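First up is the structure itself, then whatever we jot down about it.
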Amino acid sequence: MEINIYKNSEKQEIIVPDSLALSENKINIHFGRKNAKAKVKSYDDQKTGNGYSHGNPVQVKITSGLQNKLLIPDSLKYQFKVNKDNLIIGPVIAYLLSNYSYIPAYIKRYYKDRFELGKYFGGLIFAFSPDSIDYTEECIRGLYYNKKNSEWEKGRLPIPSFIYQRSFSAVPQKVTDKLRNLTTDNLYNSYRFSKLELYKLLSKNHSFKQFLPRTEEIKDFGQVINFTEDEKKVILKPVNSSCGRGIFVIEKTAENIYKFSGYNKKNSLTSTKKELQEILKKHYIYAKKYIIQDFLNLKQIDGAVFDVRVVLQKTTEKNWICTGTEVRKARKGQYLTNIARGGTALTLAETLQKITPSSEKAAEIKENILALAHKSCSIIDSSEENYFEFGIDIALDKNNKLWFLEANVLPDFKGIKSIDSESYHNILINPLKFALTRTGFEFNKE
């Protein structure tokens, strides 16, 4: 459907081709969460041929009054559905960003690939921030990608039918909850579990708990010492962090002697118990929420530790599928595997070849990794929150035991992009397919 303004009038009218066979004189038109009743007129469309497609869309005309009521940008192509006396135009999909990341330069850099995929199905895809919402008028000042002229444009837009939350640090949970209600439960990434909350959720599953490192929330220094006495080497992590920020390692090397270092092995200090207590105070371990875990003796390749990122996405409401994998190898002598922190992306196949000469054993390890990733998503789904995409991080220790490390609700795909462009393309397009499924529209890649 292609929409044009045919009259500058406050009347709410729509002119459609007679092939649509809209029998009602008036019809309810829906666009995102906006709706209006409009008078229907028709025109003879025999000259347009026998069928419509993305390249040959239905030509529909509306008054400026109807456009202002529904907040429809008239420069895009749309899909439509007719249901009795309802005409539903869409899809209307939005990305919720933080106020500080909601700037054109940021969106162009990080979301251009995603937004351009809208050319496969039409509709309105836009970005917005908490401060851009007008709850009274039920509208949003959003930034959308105009595929017709390849420009980014600002507009007054409706509350969308589907929201993909892409930021948590500066988006209040009350905003998320309100939008989830306004979209009739079609806001996804509805909550970000802290590391401690996720551990508690997953550890309730008896069969899964064996894959979780021993974990406790830090209450006081005595607890840190007792934990370190048991494990000899431990990791301290902020409960709310990403990309390895704020992570420290403590290792007891001798009686009353402790080695303290950042997770990148920089700023290593050797201290007594009393000195260690002062160091932890200096790094605000008690002021901030931290967890302590046993240090995993991970398997290495080429003298460097690694972990496996498994991307799981939903294409329907319930089914998780693996849409990509990558191995993230740390720099030699470091612990951090994050690509953004200097890690290197490898394929899972080449990594398995390096750690085992047996193709049967390699296939078994891969199967177990994928099964563990699927199991974690299934458990998380038992919560009342909405998710359709995770980057699940899994590691192998030197005994080939699998360990669940993290479920990233906002995964980065730079590594996969560098080693498998086809998977990267599909990973970006699947969230849009899922949004279409949830809102009743179709994905037709011509």
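Can you list the equivalent-ellipsoid semi-axes of the range 2-90, largest first and in whole Å, using the square root of 5 times each Cα gyration tensor eigenvalue? Walk me through the intermediate numbers first.
On the way: eigenvalues 71, 41, 35 Å².
Semi-axes (√(5λ), whole Å): 19, 14, 13.
What are the ³J(HN,Hα) couplings of the range 413-425, residue after residue, when phi is run through the Karplus curve with 6.51, -1.76, 1.60 and θ = phi - 60°? Round to Hz, x for glycine and proline.
Once rounded to whole Hz, the list reads 10, 4, x, 5, 4, 7, 10, 7, 5, 5, 5, 4, 4.
On a full-extension model of 0.36 nm per residue, what is the gain between Glu384 and Asn25, subtracting their alpha-carbon distance, rounded to one decimal in nm? Intermediate results must be reported in sequence, preceding the final value.
Working: separation 359, 0.36 × 359 = 129.24 nm, distance 4.27 nm.
Difference between extended and current length: 125.0 nm.
I'd like the Kirkwood hydrodynamic radius of the range 128-273, using the inverse of the mean 1/r over distinct C-alpha pairs, in Å. Before the final figure, lay out the partial values.
Values: mean 1/r = 0.0514 Å⁻¹.
After inverting the mean inverse Cα-Cα distance, the result is 19.4 Å.
For the chain, build the charge dipole from Cβ charges (+1 Lys, Arg; -1 Asp, Glu) around the Cα centre, then report which of Val58, Gly303, Thr270 sits farthest towards its positive end.
After comparing all options, I get Thr270.
Report the label-to-label distance for Ile321 and Asn56 in nanometres (one decimal), using points 7 Å from each Cα along the Cα→Cβ vector.
Each label point lies 7 Å from its Cα, and together they span 3.1 nm.
Check the straight Cα-Cα distances from Lys69 and name the aspartates and glutamates below 16 Å, setting aside those fewer than 8 residues away within the same chain.
Glu10, Glu13, Asp134, Glu137, Glu138
Give me the net charge for the shell around Lys232: Cβ to Cβ below 10 angstrom, other residues only, Lys and Arg +1, Asp and Glu -1. Spell out each step's value before the answer.
Numbers: positive: Lys233, Lys252; negative: Glu229, Asp230, Glu231, Glu251, Asp294.
So the surrounding residues net to -3.
Using θ = phi - 60° and the Karplus form 6.51 cos²θ - 1.76 cosθ + 1.60, what ³J(HN,Hα) does each residue of the range 117-123 get, whole Hz, x for Gly and Pro?
Result, rounded to whole Hz: 5, x, 5, 7, 9, x, x.
With a cut-off of 8 Å between alpha carbons and a minimum separation of six or more residues, what is the relative contact order of the chain in percent? If you can, show how the numbers build up before the last one.
Details: 862 pairs, mean separation 55.6, N = 446.
Over the chain, the number comes to 12 percent.
In nm, what is the difference between 0.36 nm times the number of residues separating Ile257 and Gln223 and their Cα-Cα distance?
Details: separation 34, 0.36 × 34 = 12.24 nm, distance 1.67 nm.
Taking 0.36 nm per residue and subtracting the Cα distance, the gain is 10.6 nm.
Which percent, to the nearest 5, of DSSP beta bridges fully inside the chain are antiparallel?
That works out to approximately 75 percent antiparallel.
Within the P(r) computed for the range 215-294, what percentage of the Cα pairs occupies the region above 17 Å?
Of the Cα pairs, 37 percent sit more than 17 Å apart.
For the charge dipole of the range 279-352, defined by +1 on Lys and Arg C-beta atoms and -1 on Asp and Glu C-beta atoms about the Cα centroid, which residue among Leu348, Asn338, Val327 has the Cα displaced farthest towards the positive pole?
Asn338
Which value in Å does the Kirkwood hydrodynamic radius of the range 92-188 take, with 1/r averaged over all unlike C-alpha pairs and then inverted? Provide the component values of the computation, followed by the final result.
Numbers: mean 1/r = 0.0745 Å⁻¹.
About 13.4 Å for the range 92-188.
Using alpha carbons only, what's the Rg to Rh ratio of the chain with Rh from Kirkwood? Kindly include the intermediate steps, with their values, before the conclusion.
Working: Rg = 26.2 Å, Rh = 24.6 Å.
So for the chain, dividing Rg by the Kirkwood Rh gives 1.06.
Taking the simple approach of a point 7 Å from Cα along Cα-to-Cβ for both Ser268 and Arg141, what is their distance in nm?
In this crude spin-label approximation the distance works out to 5.3 nm.
Report the antiparallel proportion of the DSSP beta bridges in the range 2-90 as a percent, rounded to a multiple of 5. Before the final figure, lay out the partial values.
Working: 14 of 28 bridges.
Roughly 50 percent of the DSSP beta bridges within the range 2-90 come out antiparallel.
To the nearest 20 debye, what charge dipole does the range 2-90 have about its Cα centre, counting +1 at the Cβ of each Lys and Arg and -1 at the Cβ of each Asp and Glu? Mind dumping the intermediate values first?
On the way: 14 positive and 9 negative charges, 66 e Å.
Value, rounded to 20: 320 debye.
Under unit Cβ charges (Lys, Arg +1; Asp, Glu -1), what dipole magnitude, rounded to 20 debye, does the chain have relative to its Cα centre?
On the way: 69 positive and 51 negative charges, 178 e Å.
Magnitude of the dipole: close to 860 debye.
For the range 85-222, calculate the relative contact order in percent as a whole number, restricting contacts to Cα pairs under 8 Å that are 6 or more residues apart. Display every interim value, and only then the final one.
Numbers: 174 pairs, mean separation 29.9, N = 138.
Answer for the range 85-222 is 22 percent.
Count charges around Tyr258 for me, please; just the other residues with Cβ under 13 Å from its Cβ, Lys/Arg as +1, Asp/Glu as -1. Walk me through the intermediate numbers first.
Numbers: positive: Lys232, Lys233, Lys252, Lys259, Lys273, Lys274; negative: Glu229, Glu231, Glu251, Glu255, Glu275, Glu278.
Residues close to Tyr258 contribute a combined charge of 0.
Quick check: pseudo-label points 7 Å beyond the Cα along Cα→Cβ at Ser203 and Lys154, how many nm apart are they?
4.8
Taking the Cα centre of the range 92-188 as origin, sum charge times position over the Cβ atoms of Lys and Arg (+1) and Asp and Glu (-1), and report the length of that vector in debye to the nearest 20.
Details: 14 positive and 10 negative charges, 66 e Å.
Approximately 320 debye in magnitude.
Please state the relative contact order of the range 290-446 as a whole percent: Cα pairs under 8 Å, 6+ residues apart?
Values: 248 pairs, mean separation 42.6, N = 157.
Once divided by the residue count of the range 290-446, the mean separation gives 27 percent.
Using the Karplus curve 6.51 cos²θ - 1.76 cosθ + 1.60 with θ = phi - 60°, what ³J(HN,Hα) values do you get for each residue of the range 344-355, in whole Hz, with x for Gly and Pro?
10, 8, 10, 7, 5, 4, 5, 5, 5, 5, 6, 8
Ranked highest first by average number of other Cβ atoms within 10 Å, how do 148-155, 277-284, 184-191 line up?
184-191, 277-284, 148-155
Throughout, read-outs are computed from the coordinates displayed, never taken from laboratory work. Everything numeric in this text was worked out from a predicted model, so none of it was measured. Cβ atoms come from the backbone with ideal geometry, glycine included; neighbour counts cover every protein chain shown.
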